[in-house]
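**Q** Pasting a structure here, questions to come.
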Amino acid sequence: MTDNRATDDRTRERYVPGHGLLDGRTAVITAAAGTGIGGATARRFLEEGARVLLSDAHARRLADTHAELAAGFGADAVTSLPCDVTDENQVRTLFDAAADQHGGLDIVVNNAGLGGTADLVDMSDEDWSRVLDVTLTGTFRCTRAALRAFRAARRGGIVVNNASVAGWRAQAGQAHYAAAKAGVMALTRCAALEAAEYGVRVNAVAPSLAMHPHLVKVTSAELLGELTACEAFGRYAEPWEVANVIVFLASAYSSYLTGEVVSVSSRHP
């Protein structure tokens, strides 16, 4: 695979400092541990002035991320709670913690998802169900919990879901993941219509390839090279570039935007 870092620097943007876009807001972010989109989103939210409740199914990685961000932004700005989004009781506990620890909730970022590669003819029921349960049903559980909290509080709120261009584009070996992400897009649009009456906005981002160490471990160099070559800039996105779009959707700059899926890639329909 070609070293993406060698790509023309004209396609690379500099990291923009925070501008207080989320001052005073409280956010829950799932799958926020590590160096991927969730972790980058947590950092960007903190830079924009939010208080963040980090969540992830991996307790050790979550504790490491919590410690790192608390050291940089202060212990009062960051809390964490392990949560497996396939477990309804854990989801309820997570959202109760937002009220207990921060006094309320303003933003939810549903980042939890699970991939995998298997041709449909060889895919087991377990392969299919596991990806759907984390990626689609987990997003449903957390969106439902968020909307219940927002409806009860009657002060508005924002949900941002992490979809994928795979929900639009066919890719061999990805039937379960693509179906789940297409479902996240449809869930986003339907939830937005229902939640509008109590002032809640629901949108989604659809990244293509946001590079981080875990992705390198679970994806072949050949496939990464093929996906990178499909992008207009000839490079992958940095996780923080996707996080910037999530910040936009969570901020007042998108105050009239709901039910939309924003592609963070050139590979949209």
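The values are calculated or read from the model by the stated rules, or taken from the named source; none is laboratory data. Just so you know, these numbers come straight off a predicted model, no measurement behind them. Note: ideal-geometry Cβ built from the backbone for every residue, glycine included; neighbour counts use all protein chains shown. Areas reflect the complete protein model, heavy atoms only, side chains present, ligands, DNA and RNA absent. Shrake-Rupley method; radii C 1.70, N 1.55, O 1.52, S 1.80 Å.
**Q** With θ set to phi - 60° and the Karplus curve 6.51 cos²θ - 1.76 cosθ + 1.60, what are the ³J(HN,Hα) couplings of the stretch 101-115 in order, to the nearest whole Hz, using x for Gly and Pro?
**A** For the stretch 101-115, the Karplus-derived couplings read 8, 10, x, x, 8, 10, 9, 10, 10, 8, 9, 5, x, 9, x Hz, x marking Gly and Pro.
**Q** What does the charge add up to near GLY18, with Lys and Arg as +1, Asp and Glu as -1, over the other residues with Cβ less than 11 Å from its Cβ? Mind showing how you got there, number by number?
**A** Numbers: positive: ARG43, ARG44; negative: ASP23, GLU47, GLU48.
It works out to a net charge of -1.
**Q** Roughly what angle does helix 37-47 make with the longest principal axis of the chain, taking Cα atoms, 0 to 90 degrees, to the nearest 10?
**A** The angle comes out at about 40 degrees.
**Q** Could you work out the relative contact order of the chain, using alpha carbon pairs under 8 angstrom and six or more residues apart, expressed as a whole percent?
**A** Working: 506 pairs, mean separation 53.6, N = 269.
Rounded, it is 20 percent for the chain.
**Q** Right, another one. If I model a spin label as a point 7 Å beyond the Cα along the Cα-Cβ vector, how far apart are those points for GLN101 and ARG154 in nm?
**A** Output for this residue pair reads 2.9 nm.
**Q** Taking the simple approach of a point 7 Å from Cα along Cα-to-Cβ for both LEU193 and ASP87, what is their distance in nm?
**A** 3.5 nm
**Q** What is the percent of Cα-Cα separations in the stretch 98-207 that go past 18 Å?
**A** Details: 2981 of 5995 pairs.
Here the long-distance tail beyond 18 Å is 50 percent of all Cα pairs in the stretch 98-207.
**Q** Please determine, in degrees from 0 to 90 and to the nearest 10, the orientation of helix 175-195 with respect to the longest principal axis defined by the Cα atoms of the chain, where the helix direction is its Cα long axis.
**A** The helix 175-195 is inclined about 30 degrees to the chain.
**Q** If DNA, RNA and ligands are ignored and the probe is 1.4 Å, what is the ranking of THR41, THR258 by accessible area, most exposed first? Can you show the working numbers first?
**A** On the way: THR41 0, THR258 55 Å².
Reading off the accessible areas and sorting them downward yields THR258, THR41.
**Q** Given 0.36 nm per residue, what is the gain on full extension from TYR256 to ASP133 after removing their alpha carbon distance, in nm? Don't jump to the answer; show the numbers that get you there.
**A** Details: separation 123, 0.36 × 123 = 44.28 nm, distance 3.10 nm.
So the extension gain works out to 41.2 nm.
**Q** What is the helix-to-structure angle for 138-153, meaning the angle in degrees between its Cα long axis and the longest Cα principal axis of the chain, kept from 0 to 90 and rounded to the nearest 10?
**A** 20 degrees
**Q** Applying 1/(1 + (r/R0)^6) with R0 = 25 Å to the Cβ-Cβ distance of ALA186 and TYR15, what FRET efficiency is obtained, to the nearest 0.05?
**A** Numbers: r = 33 Å, r/R0 = 1.34.
For R0 = 25 Å, the calculated efficiency reads 0.15.
**Q** Note down the net charge around ASN110, summing +1 for each Lys or Arg and -1 for each Asp or Glu among other residues with Cβ under 13 Å from its Cβ. Each step should come with its number before you reach the end.
**A** Details: positive: ARG141, ARG144, LYS181; negative: ASP56.
Result for the local shell: +2.
**Q** Grab the other residues whose beta carbon is less than 13 angstrom from that of ARG92, score K and R as +1, D and E as -1, and report the net. It would help to have the intermediate numbers written out before the result.
**A** Numbers: positive: ARG141, ARG144, ARG148; negative: ASP84, ASP87, GLU88, ASP96, ASP100.
Local net charge: -2.
**Q** Now a separate question. Can you give the accessible area of ASP100 in Å² (nearest 10), computed on protein heavy atoms with a 1.4 Å probe?
**A** Rounded to the nearest 10, the figure is 130 Å².
**Q** Here's something else I'd like to know. Using a 1.4 Å probe and counting only protein heavy atoms, arrange ARG151, ARG141, ARG43 so the residue with the most accessible area comes first.
**A** Values: ARG151 125, ARG141 35, ARG43 75 Å².
Ranked list, largest accessible area first: ARG151, ARG43, ARG141.
**Q** Let me ask you something else. Explain nothing, just the number: relative contact order of the stretch 139-196, from Cα pairs under 8 Å at least 6 residues apart, as a whole percent. Intermediate values should be presented prior to the final figure.
**A** Details: 34 pairs, mean separation 17.8, N = 58.
Relative contact order for the stretch 139-196 comes out at 31 percent.
**Q** Keeping all protein chains in the complex and leaving out DNA, RNA and ligands, what accessible area do you get for TRP240 with a 1.4 Å probe, in Å² to the nearest 10?
**A** The accessible area comes out at roughly 50 Å².
**Q** Averaging sequence separations of C-alpha pairs under 8 Å and six or more residues apart, then dividing by the length of the stretch 69-131, give the relative contact order as a whole percent. All intermediate terms of the calculation are to be shown ahead of the outcome.
**A** Details: 20 pairs, mean separation 10.8, N = 63.
Relative contact order, the stretch 69-131: 17 percent.
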